[in-house]
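Here is the structure we will look at, set down as structure tokens.
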Amino acid sequence: AVLNMMESLVTEYDKTGFIRERTGAILPNVAPSNVYRTHDGMVLIAANQDTVFTRLAAAMGQPGLAQDPRYATHGARGAHQQELDALVEQWTQSLTTHDALALMDEHGVPAGLIYRAPEMLDDPHFKARDAIVTVPHPDFGELRMQNVAPKLSETPGAIRRPSPAMGQ
């Protein structure tokens, strides 16, 4: 399901023999593109392309960052990834998640909320699509869980009961 989201992992190995290992939320030498802490949560910001980084620097109130030789090009930002990530996170920590996302939207910088279970359960889109359903469970009472996906128009599927207990 996630093969097409593996960036250049296959081609890197195919042509160079390089095996990309786990790196957490970052892509090595691609900056800034990471999960950053905010005052009340976390936000993903992906501003590694030159013009997008210029917009991020403006949103941060530091437009000069885009001309700083350490950050002026994709390669330079990648070489200074940790330093730049720390700078971006210092800024995001001064904002609420909502305010950071609003600024990113206003400045045309790709960003998104990091969804944890509480955000998933409160998401109005998930509620409208019945992406999370409540199922009666013999041990836990009402149990909320993910609904069938994908939801097809003619055969949407449904969860009738939780999985059986061991040996049932």
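Can you name the residue in region 29-81 that is free of Cβ contacts under 8 Å to residues at least 40 places away in the same chain, within 24 Å of THR97 (Cα to Cα) and in a loop (DSSP other than H, G, I, E, B) and is also most open to solvent (accessible area, probe 1.4 Å) among such residues?
GLN49
Can you tell me which residues in region 11-50 are farther than 16 Å from TYR115 by Cα, in contact with a helix residue (DSSP H, G or I) (Cβ under 9 Å, 6 or more places away or on another chain) and of a type in the set (Val, Ile, Thr)?
ILE19, ILE26, VAL30
Within the set of pairs 6 or more residues apart or between chains, which connect a residue that is modelled with pLDDT of 70 or more inside region 1-12 to a residue that is open to solvent by less than 80 Å² (accessible area, probe 1.4 Å) with Cβ atoms less than 8 Å apart?
From residues that are modelled with pLDDT of 70 or more, the pairs are GLU7/LEU27; LEU9/ARG20; GLU12/ARG20.
Identify all residues within region 19-28 that are free of Cβ contacts under 8 Å to residues at least 40 places away in the same chain and either within 17 Å of LEU44 (Cα to Cα) or surrounded by 11 or more Cβ atoms within 10 Å (Cβ to Cβ) (or both); write none if there are none. Step through it out loud before you land on a result.
In the first step, residues of region 19-28 are kept if they are free of Cβ contacts under 8 Å to residues at least 40 places away in the same chain; the result is 19-25, 27.
Matches in region 19-28: ARG20, THR23, GLY24, ALA25, LEU27.
Out of the residues in region 13-31 that are at pLDDT 80 or above and under 19 Å from the mean Cα position of the chain (by Cα), state the one that is farthest from GLY75 (Cα to Cα).
Among residues in region 13-31 that are at pLDDT 80 or above and under 19 Å from the mean Cα position of the chain (by Cα), the one farthest from GLY75 (Cα to Cα) is ILE26.
The values are calculated or read from the model by the stated rules, or taken from the named source; none is laboratory data. Since the structure is predicted, the reported quantities are computational estimates derived from the model, not experimental observations. Using ideal geometry, Cβ is built from the backbone for each residue, glycine included, and neighbour counts are taken over all protein chains shown. The accessibility values were calculated without ligands, DNA or RNA, using every heavy atom of the protein model including side chains. Shrake-Rupley method; radii C 1.70, N 1.55, O 1.52, S 1.80 Å.
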